[in-house]
Amino acid sequence: MAFETIIVEIEDHVALVKLNRPDALNALNQQLLGELMQALEEADANDKVRCILLTGSEKAFAAGADIKEMSSMSFVDVNASNLFAAFGDGIQRIRKPVIAAVSGYALGGGCELAMACDFIIASDTAKFGQPEINLGVIAGMGGSQRLTRAVGKSKSMDMNLTGRFMDAEEAERAGLVSRVVPAKKMMEEAMGAALKIVEKSLITARTAKEAVNRSFESTLTEGLLFERRVFHALFATEDQKEGMAAFMEKRQAQFRDK
Ligand code: HXC
């Protein structure tokens, strides 16, 4: 299906999903959120796709939920919006790895969308923030929860209470992003990371993602037990045999997702 607010291209087993509302700095309106969720679910179900790369424009990953659309919403409208609700945990439902490549503004819902991805590669122009407080509301798609887990209480309180932006360097120092690269190199770097993931066994990559995500939902003891069990389970796959045989035979592994 043709989308109006996003562009999806599939190449080399990577689904590149680009937010595309340039006139509104990729503000997340209901249409965009719906199309994005649909595109992510389709990519997750598409056998040709092994990794998803989500990005915006050079100026903005996304400047937040669409304030113009939201401004006249009632409590009932916001409460009824499945899309705001779905995006709080929506991307976690996607089982294939999802990378966010962030350039420019990632504010409010934009920051929350990036944080819902598995990891963030940022350009040196990236600016992260939860400025909802300036609008008389607070973060609504994870900004008080995922940001706190990512950067700790003090910085998260600072961001959520003052509404200030964090630049890419500070975001890397704080552990919000995994890498910072010059703006011109960002897509190359992010695509390089996606292509590295594409080479792996998809069943193993999905399991690694599940195990890391489990760490946010469990005690250390439970998380370690989960990790150990899925580690054991991977020995039931052909890809484990192939990966270890390839190491011993000093050749590249040919994974078959089995
Ligand atoms: C709607 C937006 C928008 C947004 C920018 N635009 N952000 N439209 N919703 N979130 C529009 C502007 O109105 C303008 O269009 C055009 O994009 C360009 O923006 P400018 O403001 O002219 O650009 P600039 O001066 O460069 O400033 C960039 C900016 C600023 C600092 C990012 O636009 C800004 O502060 N935006 C709002 C950021 C924000 O508060 N985000 C949180 C939203 S609440 P026109 O046609 O007017 O010229 C949120 C809640 C999530 O995200 C939780 C939901 C459950």
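The values are calculated or read from the model by the stated rules, or taken from the named source; none is laboratory data. Model, not experiment: these values are computed from the prediction. A quick note on method: Cβ atoms are made from the backbone with ideal geometry, for glycine too, and the neighbour counts reach across all protein chains shown. Each accessible area value is taken on the protein alone, full model and side chains, heavy atoms only, with ligands, DNA and RNA left out. Shrake-Rupley method; radii C 1.70, N 1.55, O 1.52, S 1.80 Å.
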Of Leu234, Leu202, Leu224, farthest towards positive along the dipole that unit charges on Lys, Arg, Asp, Glu beta carbons give segment 201-249:
Leu224
Order the following by accessible area, largest value first: Ser71, Ser218. Probe radius 1.4 Å; ligands, DNA and RNA are ignored.
Ser71, Ser218
Would you mind classifying the chain by shape? Square roots of the alpha carbon gyration tensor eigenvalues, ordered a ≥ b ≥ c; an a/c under 1.5 is rounded, otherwise it is prolate if a/b is larger than b/c and oblate if not.
prolate
Treat every Asp and Glu Cβ in segment 6-198 as -1 and every Lys and Arg Cβ as +1, leave all other atoms uncharged, and give the resulting dipole magnitude about the Cα centre to the nearest 20 debye.
440
SASA check, Val151, accessible area w/ 1.4 Å probe, all protein chains in place, rounded to nearest 10 Å², comes out at 20
With every protein chain left in place, what is the accessible area per residue of the chain in square angstrom, probe 1.4 Å?
53
Residue of Ile91, Ile120, Ile133 that the Gaussian network model of the chain assigns the largest fluctuation, springs spanning Cα pairs under 10 Å
Ile133
Mean residue ellipticity (222 nm) of the chain, computed from DSSP H runs ≥ 4 via -39,500 (n - 2.57), nearest 500:
-13000 deg cm²/dmol
So how much slack lies between Glu170 and Thr221, counting 0.36 nm per residue of separation and subtracting their Cα-Cα distance, in nm?
15.2 nm
Heavy atoms only, probe 1.4 angstrom, no DNA, RNA or ligands counted: give me Arg173, Arg256, Arg206 ranked by accessible area, highest first.
Arg173, Arg256, Arg206
Just how much of Ile6 is accessible, in Å², when a 1.4 Å probe is used and the result is rounded to the nearest 10?
10
With the cut-off at 21 Å, tell me which of the pairs Lys96/Lys185; Lys48/Lys258; Lys18/Lys200 have Cα atoms farther apart than that.
Lys96/Lys185; Lys18/Lys200
What share of the DSSP beta bridges in segment 6-198 is antiparallel, in percent to the nearest 5?
30
Return the carbon/sulfur percentage of the accessible area of the chain, one whole number, probe 1.4 Å, all protein chains in place.
56
With a 1.4 Å probe and all protein chains in place, put Asp47, Asp12 in order of accessible area, largest first.
Asp47, Asp12
State the Cα centre-to-centre distance between segment 190-258 and segment 125-145 in whole Å.
34
For Leu53, the accessible surface traced by a 1.4 Å probe with all protein chains present amounts, in square angstrom to the nearest 10, to 0
